[in-house]
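The values are calculated or read from the model by the stated rules, or taken from the named source; none is laboratory data. Note that the structure is predicted; figures quoted are calculated from it, not measured. As a convention, Cβ positions derive from the backbone with ideal geometry for all residues, glycine included, and neighbour counts pool all protein chains shown. Areas reflect the complete protein model, heavy atoms only, side chains present, ligands, DNA and RNA absent. Shrake-Rupley method; radii C 1.70, N 1.55, O 1.52, S 1.80 Å.
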Amino acid sequence: MPGESDEEATAPGDGAATEIGFVSLVGSGPGDPELLTVKATRRLEEADVVLHDKLPGPEIIEQLPDDAREDVGKRAGGERTAQSAINERLVELAREGKRVVRLKGGDPFVFGRGGEEAEYLADHGIPFEVVPGVTSAVAAPAVAGIPVTHRDHASSVSFVTGHEDPTKPESAIDWEALAATGGTIVVLMGVGKLPAYTAALREAGMDPETPVALIERGTRPGQRVATGTLDTIVDERDAAGIEPPAVTVIGDVAATRESVRERLGNGVSDDA
Ligand code: SAH
């Protein structure tokens, strides 16, 4: 049209050179590509760029087109990209008019820093959405035959980070209070500090015979489980060589695996 520039994206009366893009904070689920939601799959197909770390797992990451993906999980030097740099990159790409997917393992708002990214985007005037994902906190126990609640065994469930050292006074987690709920405790990022928080729960008066399960790489190839009690699970972890990512389930529900495993078709093997 005469007089019109070829900058089609320029809004009338708006000095900006490019129309603002859009960021989708997307949960990839626990790793099995079939547990991506329909909406997540659609957003990945439509994205100009996908920022991901390692947690979505190779089965999902390798499906993404090479030219659209940016790995923000590791840098050349092996260092993790700082959260602040990820936030800034999301804003930068959106300001270039891109459809951006920030892909996170599980659900983006469960120990995924998705909340921080949402706040940053909002503060910077970037339109965004949240696409919930299947969280490993529920899915990893489920494939091992462990329901996080059960009418006979647990009427509540707490999701906890195992990253903190329970012996430090500044620990934000009140293990004593958790022990007192009588409900299920699901610990994420809790392989390394397993000895510390199982001890904290015993000290808080929890029965040392309480069943505990560790589920490694739930829903992914090579998924494994180690089972024991508050007293024995550290030895079981060591015997099986359980490594992150793994979820710890503490509570009577963990024993359900034993009663269903004979007919359970999810292919989670026992290594301990
Ligand atoms: N947002 C994620 C959790 C991020 S924190 C979610 O909702 O699942 C990272 C932790 O998630 C890991 O340390 C581990 O405890 C857990 N995790 C993620 N994927 C897992 C999987 N496939 N199997 C077992 N644990 C997993």
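Key figures for this structure:
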{"read-out": "Residue check, GLU129 out of contact with any His (no Cβ under 9 Å at 6 or more places or on another chain) and in contact (Cβ under 8 Å) with a residue 12 or more places away in the chain", "value": "yes"}
{"read-out": "Single residue of VAL191, VAL160 found to be open to solvent by less than 50 Å² (accessible area, probe 1.4 Å), within 26 Å of VAL134 (Cα to Cα), outside any loop (DSSP other than H, G, I, E, B) and in contact with a strand residue (DSSP E or B) (Cβ under 7 Å, 6 or more places away or on another chain)", "value": "VAL160"}
{"read-out": "Qualifying residue in segment 73-96 (condition: over 26 Å from GLN223 (Cβ atoms), among the basic types (Lys, Arg) and in a loop (DSSP other than H, G, I, E, B))", "value": "yes"}
{"read-out": "Criterion: touching an Asp or Glu at 6+ places or on another chain (Cβ under 7 Å), β-branched (Val, Ile, Thr) and either at pLDDT below 95 or not assigned by TED's automatic domain parsing to the domain that holds GLN223 (or both) - qualifying residue of VAL26, VAL101, VAL49", "value": "VAL49"}
{"read-out": "Of all residues in segment 123-136 being open to solvent by 60 Å² or more (accessible area, probe 1.4 Å) and more than 16 Å from the ligand (Cβ to nearest atom), the one that is nearest to THR41 (Cα to Cα)", "value": "PHE128"}
{"read-out": "Exclusive hit being more than 16 Å from the ligand (Cβ to nearest atom) and in contact with a Phe, Trp or Tyr (Cβ under 8 Å, 6 or more places away or on another chain), set ALA239, ALA204", "value": "ALA204"}
{"read-out": "Where PRO245 falls short, out of the listed (1) within 19 Å of LEU188 (Cβ to Cβ); (2) open to solvent by less than 50 Å² (accessible area, probe 1.4 Å); (3) in contact with a Ser or Thr (Cβ under 8 Å, 6 or more places away or on another chain)", "value": "(2)"}
{"read-out": "Filter pass, THR184 being surrounded by fewer than 19 Cβ atoms within 10 Å (Cβ to Cβ), modelled with pLDDT of 95 or more and within 16 Å of the ligand (Cβ to nearest atom)", "value": "no"}
